[in-house]
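Right, one structure below, let's go through it.
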Amino acid sequence: SLSTASEAAPPARVGRLRSMQILVTGGAGFIGSNFVHLTLAQRPDAQITVLDALTYAGTKASLDGVLDKITFVEGDIADAELVDRLVGEADLVVHFAAESHNDNSLANPWPFVQTNLIGTYTLLEAVRKHNVRYHHVSTDEVYGDLELDDPERFSESTPYNPSSPYSSTKAGSDLLVRAWVRSFGVQATISNCSNNYGPRQHVEKFIPRQITNVIDGVRPKLYGAGLNVRDWIHVDDHNTGVWAIIDRGQIGETYLIGADGEVNNVTVIRDILEAMGKDPNAFDHVTDRAGHDLRYAIDSTRLRTELGWQPQYRDFRSGLQATIDWYKANEDWWRPMKAETEAKYAATQKVVQAPVEGDADADGESH
Ligand code: NAD
Ligand code: DAU
């Protein structure tokens with residue numbers, strides 16, 4: 001009978017009904033803060049601790065509206081004592097913290113080695129000791145780049161071939177995770193996602209840099225000829241993919257996250273100008289990035305078929321419009337970082353004549 005069943009039910013509310021304790025590293029950055037907002041909206045029971053060093057890329061303002069619902073710890077993922085304590089209190093670690101910008105890695109690679117490699121090592125040692133489930137957030141850039149006409153896209157079996165100090169340290173951190181799974185039985189999964197866009201992305205990155213330039217009456221800046229292709233995905237779709245892997249992914253496995261959003265850079269700039277009511281050709285070509293990857297493209301079949309994940313944002317232009325609206329409405333958020341970011345760029349990037357169309361490698365420097 002029903003009463004027997006309820007009498008036989010486990011007495012402990014503790015344990016079974018205890019809400020999940022999640023440690024989110026890098027939760028004051030772009031994708032991590034969106035992960036915190038999404039998780040609290042969809043899983044009101046989740047208990048979140050954010051560990052973030054608040055580097056130039058992180059701000060507590062990205063957690064406005066949820067700071068009273070989480071525990072915020074300012075600290076470094078390479079601080080072994082702190083990490084050991086926080087991991088010891090967690091049921092799940094979701095690792096977003098990283099040095100994330102390719103241009104910065106060309107100017108000074110050291111913080112990338114320190115955070116992406118030593119920081120990840122430090123987390124792995126802690127999850128190994130405390131036997132805590134770990135999800136590792138990585139990038140499609142670990143696979144290098146593709147030709148524009150290559151019919152293949154990146155998949156879980158594509159060999160690693162990173163180009164930049166950023167992508168090589170992310171590749172190295174992925175390999176550490178794989179080794180800790182195989183050697184020590186760490187309960188980990190890995191995701192490699194394509195280029196994200198959406199609210200709260202630092203203005204050093206391509207899309208927010210151009211939107212905020214246009215707001216400021218400054219011409220958008222295109223590297224080289226702008227034929228480089230990126231595979232854009234809305235940040236919320238990335239994060240629902242991360243949750244699908246945490247909930248249903250197989251331990252030790254890698255899943256690629258992508259939303260079939262391939263667009264070249266010059267098209268993105270023209271789309272932004274048009275959406276903001278400007279002449280679509282009112283942009284500057286500037287010095288190209290050294291070693292600039294030509295094309296990224298993700299085949300996310302595995303995530304879709306094995307874990308039943310689907311992106312919600314299927315139309316890049318409407319996602320872009322929503323992102324433009326967010327930057328227009330949230331100048332308080334990005335204004336403090338804009339001048340410093342542009343000063344950094346001005347030191348290395350010069351306006352050049354339009355490189356010849358079809359020659360993505362031309363540097364087109366005018367003298
Ligand atoms: P971001 O630069 O916006 O945020 C990084 C956050 O990590 C910041 O809040 C920063 O303060 C924090 N941080 C940096 N070093 C730290 C340290 N040593 N200790 C603690 N915190 C530290 O980066 P993002 O774009 O949100 O990327 C998040 C993750 O997603 C990264 O691992 C990145 O490689 C990966 N990724 C990004 C993209 C993308 O398009 N942005 C795509 C795929 C994967
Ligand atoms: O693919 C995933 C990766 O996407 C993530 O791992 C990285 O963390 C993230 O920064 C991003 O890397 P990219 O180098 O592709 O992103 P970024 O926004 O720096 O540049 C996107 C493209 O736009 C790239 O081809 C360079 C170009 N670009 C960039 C800037 C900042 C411009 O043409 N002009 C610019 O001002």
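Give the residue that is surrounded by the most Cβ atoms within 10 Å (Cβ to Cβ), with candidates limited to residues of the stretch 128-153 that are within 24 Å of T189 (Cβ to Cβ) and over 24 Å from the mean Cα position of the chain (by Cα).
R128
Only one of V127, V137 is β-branched (V, I, T) and away from ligand 2 (no atom under 16 Å from the Cβ). Can you tell me which? It would help to see each step written out before you state the result.
On the way: V137 fails: away from ligand 2 (no atom under 16 Å from the Cβ).
From the options V127, V137, the qualifying one is V127.
Across the stretch 218-235, what is the total count of residues that are surrounded by fewer than 20 Cβ atoms within 10 Å (Cβ to Cβ) and within 17 Å of I298 (Cα to Cα)?
Result for the stretch 218-235: 0.
So which residues in the stretch 166-205 are in a loop (DSSP other than H, G, I, E, B) and acidic (D, E)?
Applying the first criterion (in a loop (DSSP other than H, G, I, E, B)) to the stretch 166-205 yields 185-187, 194-195, 198-205.
Hit for the stretch 166-205 is E204, nothing else.
Can you pull out the helices (runs of 4 or more DSSP H) entirely within the stretch 56-152 that have at least 2 residues that are of a type in the set (D, E)? So that I can check it myself, show each step before the final result.
Working: elements: 80-88, 102-107, 120-130.
Once the helices (runs of 4 or more DSSP H) in the stretch 56-152 are filtered for at least 2 residues that are of a type in the set (D, E), what remains is 80-88.
Any residue at all in the stretch 38-59 that's surrounded by 15 or more Cβ atoms within 10 Å (Cβ to Cβ) and in contact with a Phe, Trp or Tyr (Cβ under 7 Å, 6 or more places away or on another chain)?
There is at least one residue in the stretch 38-59 that is surrounded by 15 or more Cβ atoms within 10 Å (Cβ to Cβ) and in contact with a Phe, Trp or Tyr (Cβ under 7 Å, 6 or more places away or on another chain).
What's the total number of residues in the stretch 216-254 that are in contact with a Lys or Arg (Cβ under 6 Å, 6 or more places away or on another chain) and within 19 Å of Y143 (Cβ to Cβ)? Write out each step before concluding.
First, pick out the residues of the stretch 216-254 that are in contact with a Lys or Arg (Cβ under 6 Å, 6 or more places away or on another chain): 223, 229.
When the remaining residues are screened for being within 19 Å of Y143 (Cβ to Cβ), the result is 229.
Residues flagged as in contact with a Lys or Arg (Cβ under 6 Å, 6 or more places away or on another chain) and within 19 Å of Y143 (Cβ to Cβ) within the stretch 216-254 amount to 1.
So E89 passes all but one of these: (1) surrounded by fewer than 23 Cβ atoms within 10 Å (Cβ to Cβ); (2) within 16 Å of ligand 2 (Cβ to nearest atom); (3) in contact (Cβ under 8 Å) with a residue 12 or more places away in the chain. Which condition number does it fail?
If we test E89 against (1) surrounded by fewer than 23 Cβ atoms within 10 Å (Cβ to Cβ); (2) within 16 Å of ligand 2 (Cβ to nearest atom); (3) in contact (Cβ under 8 Å) with a residue 12 or more places away in the chain, just (2) comes out false.
List the number of the failed condition for Q210; all other conditions in (1) away from ligand 1 (no atom under 13 Å from the Cβ); (2) more than 22 Å from K278 (Cβ to Cβ) hold.
For Q210, the exception is condition (2).
Would you mind stating whether S163 is in a loop (DSSP other than H, G, I, E, B), crowded, with 17+ Cβ neighbours inside 10 Å, at pLDDT 95 or above and within 16 Å of ligand 2 (Cβ to nearest atom)?
Numbers: in a loop (DSSP other than H, G, I, E, B): yes; crowded, with 17+ Cβ neighbours inside 10 Å: yes; at pLDDT 95 or above: yes; within 16 Å of ligand 2 (Cβ to nearest atom): yes.
The answer is yes for S163.
Here is a yes/no grid of residues against (1) farther than 21 Å from T169 by Cα; (2) over 21 Å from the mean Cα position of the chain (by Cα):
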{"position": "G58", "(1), (2)": "no, no"}
{"position": "D64", "(1), (2)": "yes, no"}
{"position": "A90", "(1), (2)": "yes, yes"}
{"position": "S105", "(1), (2)": "no, no"}
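Identify the residue in the stretch 261-288 that is under 20 Å from the mean Cα position of the chain (by Cα) and in contact (Cβ under 8 Å) with a residue 40 or more places away in the chain and, among all such residues, is farthest from D174 (Cα to Cα). Give the steps one after another, and end with the answer.
Initial filter on the stretch 261-288 (under 20 Å from the mean Cα position of the chain (by Cα)): 261-265, 268.
Those still in the list that are in contact (Cβ under 8 Å) with a residue 40 or more places away in the chain too: 261, 263, 265, 268.
Details: G261: 24, V263: 27, N265: 28, V268: 30 Å.
Going through the qualifying residues, I end up with V268.
Would you be able to tell me the number of residues in the stretch 169-225 that are among the acidic types (D, E), more than 20 Å from A57 (Cβ to Cβ) and within 13 Å of ligand 2 (Cβ to nearest atom)? Step through it out loud before you land on a result.
Taking the stretch 169-225 as the starting set, the residues that turn out to be among the acidic types (D, E) are 174, 204, 216.
Now restrict to residues that are more than 20 Å from A57 (Cβ to Cβ): 174, 216.
With the extra rule that they be within 13 Å of ligand 2 (Cβ to nearest atom), the set shrinks to 174.
Final tally of qualifying residues: 1.
Could we say that K170 is surrounded by fewer than 21 Cβ atoms within 10 Å (Cβ to Cβ), touching a residue at least 12 places away in the same chain (Cβ under 8 Å) and near ligand 1 (Cβ under 10 Å from one of its atoms) here? If you could, list the steps in order and put the result at the bottom.
Working: surrounded by fewer than 21 Cβ atoms within 10 Å (Cβ to Cβ): no; touching a residue at least 12 places away in the same chain (Cβ under 8 Å): yes; near ligand 1 (Cβ under 10 Å from one of its atoms): yes.
For K170, the condition - surrounded by fewer than 21 Cβ atoms within 10 Å (Cβ to Cβ), touching a residue at least 12 places away in the same chain (Cβ under 8 Å) and near ligand 1 (Cβ under 10 Å from one of its atoms) - is not met.
The values are calculated or read from the model by the stated rules, or taken from the named source; none is laboratory data. Worth saying up front: this structure is predicted, and the values here are computed from it rather than measured. Virtual Cβ from ideal backbone geometry, glycine too; neighbours counted across all protein chains shown.
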